[in-house]
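Just below is one structure, and these are the notes that go with it.
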Amino acid sequence: MPSPSRRSRYIPFSPIRAMFRLADEMDRSGKGPVIRFHVGDPDFAPPDAVVEATHRAMREGKTHYPQSVGVHELRLALTEKVTRRNGIAAEWEQVVVAPGSTEALLAVMEVALDPGDEILLPEIYWPNYGQQSLLASAKAVFYPLGAGYQPDVEGTRRCITPKTRCILINSPSNPTGAVFPKETLRALYDVARKHDLWIVSDEAYEDIVFDADHVSLGSFERDLAEAERRVFSLFTFSKSYAMTGFRLGYIVAPNMTTATILRKTQEPLVGSTASMIQWGGLAALRDDGPIAVMRDAYRRRRDLAVGMLREAGLIDYTPQGAFYVLADLASTGLTGDEFARALLEEEKVCVAPAAGFAFAPHYGADGNPEGALPPDAAAPDYPVNPKARHLVRIAFCVSDKDVEEGISRLVRFAARCRDRRGASAR
C-alpha cells in the first residue's frame, strides 16, 4: 500500500493516553478500581445551567451548521469576558470558537508557522505541543525552566535563532502547576517583541490559581496599534467549568488580519464547533459561582497532596495553579516510566510519567527529526530531557478521599522501592 505521510509518522503517543489504556484494562479485567491521577479531568459535573441550556438548544432546533468561527451571541459574550477579566483589547470579530483549545492550538500554529520555522516550547510541557509542532512541520526548540519550573528568561533569549518564529507560554502550567509572575511574563513578552515573534498564550487554567494572580499576556498590548500586536490568547471551558467532554474552547486573535486567516483555517480543519454546545457555553459565562467552588476544592486537594509528598521527600516546590504536581522519584532508583507502571500494578494508582512531557527530538539538516521515522503506525522513540526522567505528574482533580488514599499508596510504594534499592546495595 502507499506509505503514510512522514509528518504523521513522526508524532509520538501521549503518555497520558498510554496510561489511560492501561488503567482501563485493569478496571475491565476486574483488578481495579484504579485511582486515576494520570488525566486532568475534573471530578465535578458541569453546572446545571450549562446542561439545561445545551438541552434547550437541541429542543429548539439549534442543531444546524453555525458559522465556522462560532455562534454570534457566544462570540459577543466572550469578547466582553476577555475585555473585562483578561484585560485584552478585542473586537468580537477577533474571537474564534473552536472544538476545544487543543484544536485551537493546532489552528494557531498553522497560522503562525511555515514548514521549517522554529517554535520555542518550555522544556517540560503538555505533550500535545510537541505533537502539534510536528504536524505543522515546525522545529521545536526547548527553553529552560529554573527553580519551581519558572522560565529562565535569559536562557530563553539564547534559544532564539534567525529561524525562530513563535514562542508558546503556558501559565498556569500543565504539567508543573507553575504560575508565572507578571514581571516574568512581561520580560518574555519584551523578548518576543524585540525579535518579532508570535506569542501563543495557552491559558486553559486561568481560573485555577491559588497563591498568585493570573496575568494574560494579551493585556500587555491592549494600548498598542492593532498591527503591532502579536499574542494569540487561547482559552477553554473544559477546566473552569468542568466541561471537558463538551469540547469547547476559543482563540482571541491579535488583530483582524490574523482573525480572518484563522476563519479560513477553521473551515478545512473543523468546519465548525457543535452549535448546541456553544449555547451551553454561553450559559456558563453568565455564572462564575461554580468556578470559585471548584477552585476551593482544588486548593484543598493541592494542600493535602503537597503536604504528604513533601513529608515523604518527593517534591521540592509548591504548584500555584492548575491541578497538577510533579513528584520526583529519583530516590527510588526507578525512572518515571518504571515507577508509573509498577505503581499501577502493585497499588492500583495511575500517574503519568513525565518523560512524555519532555521528549526532545534532534533535527537533521533537512529539518526532520533524526532517526525517528518508525515503521507502519508505531510511535518514534525520541530522546527525553534528563530533567524529566525520574518525574511523574499527579493530577489532584479527583475526590478528597481519592487524593488522600492515592497519595498514601504512592508514598508507601516509594518507600518500598527505596527499601528494595537499599537491600540490593548491601
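Coordinate-derived values only; no laboratory data. Being a predicted model, the structure only gives us computed values, none of them experimental. A quick note on method: Cβ atoms are made from the backbone with ideal geometry, for glycine too, and the neighbour counts reach across all protein chains shown.
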Low-density loop trypsin sites (Lys or Arg not before Pro), the stretch 279-353, at most 16 other Cβ within 10 Å, DSSP non-H/G/I/E/B, are R286
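On full extension of the chain, what length is gained from D114 through R6, given 0.36 nm per residue of separation minus the C-alpha to C-alpha distance? Walk me through the intermediate numbers first.
On the way: separation 108, 0.36 × 108 = 38.88 nm, distance 1.66 nm.
Stretched fully, the D114-R6 segment lengthens by 37.2 nm.
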If R0 = 30 Å, then A330 and L304, at their Cβ-Cβ distance, give a FRET efficiency to the nearest 0.05 of 0.80
Two pseudo-spin positions, 7 Å from Cα along C-beta at E25 and at R84, lie apart in nanometres by 4.9 nm
Simple spin-label estimate for K264/E73, 7 Å along Cα→Cβ, in nm, reads 3.2 nm
Note to self, the chain gives a 222 nm [θ] from helices alone (DSSP H runs n ≥ 4, -39500 (n - 2.57) apiece, / all residues, nearest 500) of -12500 deg cm²/dmol
To the nearest 20 debye, the chain has a Cα-centred charge dipole, built from +1 on Lys and Arg Cβ and -1 on Asp and Glu Cβ, of 620 debye
On the formula 1/(1 + (r/R0)^6), with r taken between the Cβ atoms of R389 and A147 and R0 of 22 Å, the FRET efficiency rounded to 0.05 is 0.75
Low-density loop trypsin sites (Lys or Arg not before Pro), the stretch 170-266, at most 15 other Cβ within 10 Å, DSSP non-H/G/I/E/B, are R222
Checked against the structure, the computed volume of the Cα convex hull per residue in Å³ among [x] 125; [y] 164; [z] 152 is the one labelled [y]
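Starting from 0.36 nm per residue, how many nanometres of slack lie between L285 and A212 once their C-alpha separation is accounted for? Write out the running numbers ahead of the final one.
Working: separation 73, 0.36 × 73 = 26.28 nm, distance 2.29 nm.
Separation in residues times 0.36 nm, less the Cα-Cα distance, equals 24.0 nm.
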With Cα coordinates, the longest principal axis of the chain makes an angle with the long axis of helix 336-347, in degrees rounded to 10, of 70 degrees
In degrees, nearest 10, the alpha-carbon axis of helix 289-311 is tilted away from the dominant principal axis of the alpha carbons of the chain by 30 degrees
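Could you work out how much longer the chain between E311 and D296 gets when fully extended? Use 0.36 nm per residue separation minus the Cα distance between them, nm to one decimal.
Numbers: separation 15, 0.36 × 15 = 5.40 nm, distance 2.27 nm.
Between E311 and D296, full extension yields 3.1 nm more.
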In terms of the charge dipole of the chain, which places +1 on Lys and Arg and -1 on Asp and Glu at the beta carbon, the residue among S272, G245, T184 farthest towards the positive end is G245
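Pop the C-beta distance of K62 and E154 into the FRET formula with R0 = 56 Å and round what comes out to the nearest 0.05. It would help to have the intermediate numbers written out before the result.
Working: r = 51 Å, r/R0 = 0.92.
According to the calculation, E is roughly 0.65.
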Distance in nm between D223 and E405 label points, each 7 Å along Cα→Cβ, equals 5.5 nm
